[in-house]
Amino acid sequence: MAGGRHLLRDVLTVAGQELAESLRTRRALLLLILFCGGTVAGTWAFTAFLRTVEAQLVEALGLDAGVTGGATTALWKSSFFRRVMINMAGHNADLAEALLQFTPLGLFFGWLTMSLGPWLVALSSSGRLAEEIWSGSVRFVVCRTTRLAWVCGKFLGQAVLLLVALLLSGLAAWLTGWLRIETFHGAAVLRDLLLLAPKAWVYGLAFLGLVTALSMCCRSPGVANALGVAALLGVTAAYHTARHFAGGGWRRIFDAVQLVLPNHHYFDLMRPDWTHALPAAVFLLALGLAYLVLGYARLARRDL
Amino acid sequence: MDPALEIQGLAKSYGRCRALDGLDLTVPAGSLFGLVGANGAGKTTMMSICAGLLRPDAGRVDLLGEGAFDPLRHAGRVSILPQDARLPRHARVAALLAFYGRLQGVPADGLPQQGAQLLQWVNLSERARDVVNSLSHGMLRRLAVAQAFLGEPRLIFLDEPMSGLDPREVARLRDLLRARAGRQTIVISSHVLTELEALCDRVAFIDHGRLVRQDRLSDIMRHHQRVSYRIRPAPVPLAELCAAVPGAEWSVAEGGGELIALLDVENGGIAEVNAQVLPILLRAGVAVEEVRRGSALEEEFLQATAAR
């Protein structure tokens with residue numbers, strides 16, 4: 001019990017130090033700039049696209065200019081757009097219907113952060129542990145606490161940083177929409193962003209677990225960063241390969257392979273209903289922790 | 001006296017290189033214990049294993065009678081100054097000590113005071129709010145020394161603590177370490193044997209990952225004293241010197257600028273020996289420019305490891 005209390009205390013202490021270190025080194029600032037900048041740029045482009053579509057619709061249908069915004073809603077609910085969404089959702093009509101429950105900006109934000117998040121995680125977090133192993137500063141820590149507490153603290157610190165970055169990028173997206181969209185449904189968009197930002201966080205955690213695990217196996221931060229990016233590409237390639245070859249008989253093995261890849265849980269997590277999203281979230285969290293445990297198994301035995 | 005550290009048959013290899021080859025060592029509690037060894041002898045590896053940084057291939061380490069290093073059991077009671085580890089560059093000096101203190105369970109209310117004391121101890125009080133990155137090499141070393149004493153640990157490993165310190169700070173650190181003798185067990189490795197001679201009460205010679213000799217410093221030094229005479233090159237009456245100081249070994253360094261005497265304890269004190277030697281040298285027309293006491297520990301170490 002006392003050991004558990006110590007572990008929790010040390011995890012929180014290391015996480016606090018990790019956050020403070022991120023602020024001091026301006027890594028946190030860089031992450032926020034990348035996330036918020038990417039979101040603002042993406043949202044800006046998306047709203048520009050919406051405006052163009054609206055203008056063209058209004059002109060093509062000879063509508064009164066005052067119905068701008070209503071045209072987008074009409075498009076969003078049109079059968080043509082549903083067919084587009086069904087194609088994008090891998091010919092899954094049920095999934096397409098579910099995703100169309102989000103506002104356009106909400107859905108775009110979800111897609112953007114879930115696509116961008118893993119890359120930013122790979123770029124910003126891959127080398128964190130390897131960096132301290134390389135410089136030897138970890139030696140001042142692991143003679144004071146367990147390696148497990150150090151790893152969990154580092155992971156928690158990074159996870160908190162990611163959540164803050166996602167929430168702030170959500171705010172940036174909302175503000176961009178508010179500025180750029182004439183008939184902006186602020187409350188509905190805010191609800192979607194508040195729902196999708198934590199989902200993007202959970203999705204990012206699975207990748208954070210993966211790159212943190214790789215970081216535990218390296219001594220050089222450069223190698224860890226390269227491995228992080230390679231792992232992200234590898235996981236994505238493995239997912240698409242497994243999805244392509246999945247089928248009956250012995251090919252069911254590819255279904256199993258897909259299960260342990262975060263990408264497989266992407267659409268389930270995106271769904272607004274909890275019956276799909278919750279199991280996907282739990283699975284992704286478990287995946288992130290499983291990656292972390294695998295990495296820790298190496299770190300626990302290695303020389304520092 | 002109970003041992004603070006007991007090592008039996010410790011072995012560790014890096015690939016084909018055998019860093020520790022069945023090392024046995026016992027460090028009594030409260031001693032200032034010096035580790036003497038050439039580069040690659042295994043001193044750093046031994047300390048790193050004791051502090052849980054490296055995993056041994058074989059052997060047993062017993063810290064404070066409680067088994068091998070376990071952070072849950074030994075955090076705050078066993079500490080280390082690692083040799084080449086860098087402190088986090090962007091942390092602030094006092095905040096970093098507070099972080100380490102919190103991790104090892106130093107009570108929060110006592111942390112600022114203890115941090116301030118330690119910084120004063122290593123003469124870094126004025127840099128408490130500075131970023132680690134802004135410190136010089138010597139200051140970094142002093143900060144690293146300070147962190148090893150956080151929370152008054154009972155067993156401390158200092159790997160080359162004097163490395164990079166200026167003479168004033170070396171003297172200061174030496175006095176401070178001496179003041180802790182008896183209260184804490186401090187294991188020090190250093191290549192500067194005169195420092196260990198001046199500081200430690202016990203020493204161990206390590207060579208090729210094995211213990212060659214372990215004893216009280218007074219017992220080791222009892223056998224030999226080294227005296228060096230800086231002279232103007234001239235023929236030295238070695239036979240006369242050998243006859244005047246029986247049992248002493250005399251040699252002239254290459255170039256003839258240094259006469260080295262290895263004195264046996266039976267020869268008496270250096271002052272008595274000089275009373276006999278200097279007249280002989282002066283009579284022979286050998287100009288003596290300087291008489292210097294050499295490191296007997298070095299001589300003992302070289303002798304002890306020469307056979308291996």
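With R₀ set to 51 Å, the beta-carbon distance separating residue A:40 from residue B:134 gives a calculated FRET efficiency near 0.90. Helix B:296-306 and the longest principal axis of the Cα set of chain B meet at an angle near 90°. Phi angles across region B:17-34 convert, under the Karplus curve 6.51 cos²θ - 1.76 cosθ + 1.60 with θ = phi - 60°, into 3J(HN,Hα) values of 7, 8, 7, 10, 10, x, 6, 10, 7, 10, 10, x, 5, x, 8, 9, 10, x Hz, Gly and Pro given as x. Taking amide H atoms as placed 1.01 Å from N in the peptide plane, the amide H of residue B:202 lies under 5 Å from those of B:32, B:34, B:217, each 5 or more residues away in sequence or on another chain. Taking GluC sites (Glu not before Pro) across region B:224-303, the ones in a DSSP loop with at most 13 further Cβ atoms lying within 10 angstrom of their Cβ are B:254.
Applying 1/(1 + (r/R0)^6) with r as the Cβ-Cβ distance of residue A:171 and residue A:48 and R0 = 25 angstrom yields a FRET efficiency of 0.80. Stretched out straight at 0.36 nm per residue, the stretch from residue B:292 to residue B:242 would grow longer than its current Cα-Cα span by 16.1 nm. Label zone of residue B:284 (point 7 Å out along Cα→Cβ, amide N under 20 Å): in region B:208-238 this covers B:225-238.
The relative contact order of chain A comes to 25 percent, based on Cα pairs under 8 Å that sit 6 or more residues apart. Counting only DSSP beta bridges with both residues in region B:3-220, the antiparallel share comes to about 50 percent.
Between residue B:216 and residue B:232, full extension at 0.36 nm per residue minus the direct alpha carbon distance yields a gain of 2.0 nm.
Fewest neighbouring Cβ atoms within 10 Å first, the residues B:163, B:251 line up as B:251, B:163.
Where does helix B:270-283 land angle-wise versus the long Cα axis of chain B, in degrees 0 to 90, nearest 10? The angle comes out near 40 degrees.
By the beta-carbon count within 10 Å of each Cβ, the least crowded to most crowded order of A:239, A:291, fewest first, is A:239, A:291.
Placing unit charges on the Cβ atoms only, positive for Lys and Arg and negative for Asp and Glu, gives region B:3-220 a dipole magnitude near 440 debye about its Cα centre. Charge dipole of the protein assembly as shown (Cα centre as origin; +1 on each Lys and Arg Cβ, -1 on each Asp and Glu Cβ, all else neutral): 1280 debye, rounded to the nearest 20.
Can you give the relative contact order of region B:226-305 as a percent, counting alpha carbon pairs under 8 Å and 6+ residues apart? Over region B:226-305, the number comes to 44 percent. Mean sequence separation of contacting Cα pairs (under 8 Å, at least six apart), scaled by the length of region B:173-239, corresponds to a relative contact order of 19 percent.
You can think of it this way: the chain between residue B:178 and residue B:120 has 19.2 nm of extra reach, that is 0.36 nm per residue less the Cα-Cα gap.
Centre-to-centre, using Cα atoms only, region A:88-121 and region A:223-282 are separated by 16 Å.
For chain B, the longest principal axis of the alpha carbon atoms and the long axis of helix B:167-180 meet at an angle near 70°. Evaluating 6.51 cos²θ - 1.76 cosθ + 1.60 at θ = phi - 60° for every residue in region B:205-210, the Karplus couplings come out as 9, 10, 9, 6, x, 10 Hz, glycine and proline recorded as x. Of all the stretches in chain A, which is the longest one without any exposed loop site, taking trypsin sites (Lys or Arg not before Pro) in a DSSP loop (any state but H, G, I, E, B) with at most 14 other Cβ atoms within 10 Å? Segment A:78-218 is the longest. Under 5 Å between amide hydrogens, built in the peptide plane, is the criterion, and for residue B:81 it picks out B:157, B:158, B:159 among residues at least 5 positions away or on other chains. Think of it as helices only: each DSSP H run of n ≥ 4 in chain A is worth -39500 (n - 2.57), and spread over all residues that comes to -27000 deg cm²/dmol at 222 nm. P(r) tail, chain B: Cα-Cα pairs separated by more than 37 Å, 27% of all pairs. Taking +1 at the Cβ of each Lys and Arg and -1 at the Cβ of each Asp and Glu, which of B:257, B:245, B:225 sits farthest along the dipole of region B:180-308 towards its positive end, judged by Cα position relative to the Cα centre? Toward the positive end, the furthest listed residue is B:225.
Over the residues of chain B, the helix contribution to mean residue ellipticity at 222 nm works out to -9500 deg cm²/dmol, using -39500 (n - 2.57) for each DSSP H run of at least 4.
Using +1 at the C-beta of Lys and Arg and -1 at the C-beta of Asp and Glu, which of B:122, A:60, B:303 has the Cα lying farthest in the positive direction of the dipole of the protein assembly as shown? The Cα lying farthest towards the positive end belongs to A:60.
Each of B:176, A:50 has some number of other Cβ atoms within 10 Å of its Cβ, and from fewest to most they run B:176, A:50.
Bear in mind these aren't lab numbers, they're just calculated from the coordinates by the rules spelled out. Note that the structure is a prediction, hence the values are computed from the model and not measured. FYI the Cβ positions are ideal-geometry reconstructions off the backbone, even for glycines, and counts take in every protein chain you see.
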